[in-house]
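S.K.: Structure provided below as structure tokens; questions to follow.
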Amino acid sequence: MTSVTAQATKADQAAEATEEVRASEEPKATTTATGLVAPRPPVRRPRSRARSLTVRALGPVALLTLWWISSATGLLTPDVLASPPQVIKAVGELWGNGQLPDALATSLTRSGIGLVIGLAAGLTLGITTGFTRLGDELLDSSLQTLRTIPFLSLVPLFMVWFGINETAKILLIAVATTFPMYVSASGGVRNTDRKLVEAMRSFGLGRLAIVRQVVLPGALPSLLAGLRLSMTLSVIALIAAEEINATEGIGYLMSQAQSYARTDILAVCILVYGLLGLTADVLVRGLERILMPWRTAGPGGGTR
């Protein structure tokens, strides 16, 4: 009987010890559980298009306001820079007598032809050096050397070679726009998935078909980046090209305005160049939205 009682006592003690262990462990588990920080992935709130446009317009509006106030208070005199109302009046004057539309058409034609030639040359060279080892070894070192030469330094040489006619101006724009597209196209083609290219070869596709169906779609982000740089440089090169004894175009208007100290017309020409660059950037952004819609979609599916 005594042994049975002793065993019962030991069992009770063991049960009490087990309960104590459980009691001591339960608060630790709760503490550990409550101490963890629940992960919160960043959630991007979609912004309305009107708000985005308003924010983008704040900088230009602030500059215009500062310009207007400086002219109205006399800080900027007309011989330094014409006031915004005088510039608006000059736009009406140039548009009314047909000088601005004619100059704009001439400059856009020069810039467009030079840009097309430069893009075609840069894309062809980029695919050649990026896709073939022979092209890389044969052309890349020479092109990398040529692209470090500032295109403005070629102006006197082009004037000697081609004279002061349209050929020199268009070729200068073409040279300036070739190398941004070449660098982007060559890098994009090199980064194309080689396994995918080899798979397409195993299916019997030729080189041109692989370039058209695999390489160019894979290099599309780089190509659009090169297009943006080339379009921006085409406007910069246009300004330099129209300094080569131009007899028509926006550069001609600028040289005439400089001769008569017309700061209002000079401001109009500068604003036109700026609008051309902005239009080029907007066009490339539109192409990106059409050709690569996934680039403009945020993690939550909103648009940037």
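Every number here is computed from the coordinates shown, using simple stated rules; none is lab data. Treat the numbers as computed from the prediction; the structure is a model and nothing was measured. Methodologically, a virtual Cβ is constructed for each residue, glycine included, from the backbone with ideal geometry; neighbour enumeration extends over all protein chains shown.
S.K.: If you plug each phi of segment 122-139 into the Karplus form 6.51 cos²θ - 1.76 cosθ + 1.60 with θ = phi - 60°, what whole-Hz ³J(HN,Hα) values come out, in order, with x for Gly and Pro?
M.R.: My calculation for segment 122-139 gives x, 5, 4, 5, x, 5, 4, 6, x, 9, 10, 5, 4, x, 4, 5, 7, 10 Hz in order.
S.K.: Determine, from the Cβ-Cβ distance of Leu220 and Arg40 and an R0 of 25 Å, the FRET efficiency 1/(1 + (r/R0)^6), rounded to the nearest 0.05.
M.R.: 0.15
S.K.: Which one, Thr106, Leu76, Leu63, is farthest towards the positive end of the dipole of segment 38-118 when Lys and Arg carry +1 and Asp and Glu -1 on their Cβ?
M.R.: So the residue furthest toward the plus end is Leu63.
S.K.: A follow-up question, please. Once both labels are modelled 7 Å past Cα along the beta-carbon direction, what's the Arg194-Arg289 spacing in nm?
M.R.: So the label points at Arg194 and Arg289 sit 3.9 nm apart.
S.K.: Using label points projected 7 Å from each Cα along Cα→Cβ, tell me how many nm separate Thr73 and Ser153, to one decimal.
M.R.: About 4.5 nm, to one decimal.
S.K.: Normalised by the residues of segment 175-304, what does the relative contact order come to in percent, with Cα pairs under 8 Å and at least six apart?
M.R.: Contact order relative to length: 24 percent.
S.K.: Return the loop-located chymotrypsin sites (Phe, Trp or Tyr not before Pro) in segment 125-215 (DSSP other than H, G, I, E, B) with at most 12 other Cβ atoms within 10 Å of their own Cβ; answer none if there are none.
M.R.: Loop-located and lightly packed - Phe203.
S.K.: Just from the alpha-carbon atoms, what are the Rg and Dmax of segment 144-194 in angstroms?
M.R.: In order Rg, Dmax, the Cα atoms of segment 144-194 give 14.3, 47 Å.
S.K.: Show me, for segment 67-77, the HN-Hα J-couplings you get by feeding each phi into the Karplus relation (A = 6.51, B = -1.76, C = 1.60, θ = phi - 60°), rounded to Hz, glycine and proline as x.
M.R.: Working through the residues one at a time gives 4, 4, 5, 5, 6, 5, 8, x, 5, 10, 8 Hz.
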